[in-house]
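Contents: one structure, followed by commentary.
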Amino acid sequence: MRLECALGPLVVAPIYLTEPVSPIPQPPYLNTVAIGASGLSAERLLALTQQVELDFGRLRTVPEAPRTLDIDLLLLDGEVRAEAAPLLPHPRLRNRRFVLAPLCDVAPDWEIPPDGATACELLRRLPTSPWARRLPHPSGSADGAPQRESEPR
């Protein structure tokens, strides 16, 4: 996998079935979060993720349209960028259950700029809709944890 080549071994969260966050009607999405390590700049990482999306047939038509693949750069070593792409932390990270739920699974204590709140703390603050439901691991084990809704902890 090209991302793993650039980022080293990835820690990948369980997959979540999630309600779309869009005014355009569309079916639920599958979402996860992956954590890696890289010496690449934010701009190079963004270019890499966009190339992977293209390679998988992603077409950018209208904002919030259904898509086959969407890779977002959420955080980069505590870097804060408000002026140039990619904006870091991702500007909607703190308000998206479909991001915070899997992030809470793999990095529950990771402090998110600017205030150092963790993914689990931010998840607890969100309303229950739009929903996110963790899917069982393909082996049937749920990866050592029971299947659950992304309810606040």
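The values are calculated or read from the model by the stated rules, or taken from the named source; none is laboratory data. All values reported here derive from a predicted model rather than from experimental measurement. Every residue, glycine as well, gets a Cβ built from its backbone with ideal geometry; the counts of neighbours run over all protein chains shown.
So which residues in region 36-91 are of a type in the set (A, V, I, L, M), under 16 Å from the mean Cα position of the chain (by Cα), within 23 Å of residue 113 (Cα to Cα) and not in a helix (DSSP H, G or I), if there are any at all?
37, 71, 73, 74, 75, 76, 87, 88
For residue 26, only one of the following conditions fails: (1) over 26 Å from residue 127 (Cβ atoms); (2) assigned to a loop (DSSP other than H, G, I, E, B). What is its number?
Status for residue 26: all satisfied but (1).
Just for region 1-15: of the residues that are under 18 Å from residue 106 (Cα atoms) and assigned to a helix (DSSP H, G or I), which one is modelled with the lowest pLDDT? Outline the logic, then answer.
Filtering region 1-15 down to residues under 18 Å from residue 106 (Cα atoms) leaves 3-4, 7-15.
Filter again for assigned to a helix (DSSP H, G or I), leaving 3-4, 7.
Working: 3: 82, 4: 85, 7: 87.
Among them, the one singled out is 3.
Okay, residues lined up against (1) among the β-branched types (Val, Ile, Thr); (2) within 17 Å of the chain's Cα centre (by Cα); (3) in a loop (DSSP other than H, G, I, E, B); (4) at pLDDT 95 or above:
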| residue | (1), (2), (3), (4) |
| --- | --- |
| 99 | yes, yes, no, yes |
| 103 | no, yes, no, yes |
| 120 | no, yes, no, yes |
| 127 | no, no, yes, yes |
| 133 | no, yes, no, yes |
| 137 | no, no, yes, no |
| 143 | no, no, no, no |
| 147 | no, no, yes, no |
| 152 | no, no, yes, no |
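Name the single residue, out of those in region 1-16 being of a type outside the set (Val, Ile, Thr) and within 14 Å of residue 103 (Cα to Cα), that is surrounded by the most Cβ atoms within 10 Å (Cβ to Cβ). Quick ask: steps written out before the conclusion?
Let us first name the residues in region 1-16 that are of a type outside the set (Val, Ile, Thr), namely 1-10, 13-14, 16.
Next, from what is left, pick out any that are within 14 Å of residue 103 (Cα to Cα): 10, 13-14, 16.
Values: 10: 14, 13: 20, 14: 21, 16: 24.
Looking at the filtered set, the residue picked out is 16.
Out of region 32-70, which residues are surrounded by 14 or more Cβ atoms within 10 Å (Cβ to Cβ), in contact (Cβ under 8 Å) with a residue 40 or more places away in the chain and hydrophobic (A, V, I, L, M, F, W, C)?
Hits for region 32-70 are 33, 35, 42, 45, 46, 48, 52.
Considering only residues that are more than 20 Å from residue 48 (Cα to Cα) and among the small types (Gly, Ala, Ser), look in region 79-127 and name the one that is surrounded by the most Cβ atoms within 10 Å (Cβ to Cβ).
It comes out as 101.
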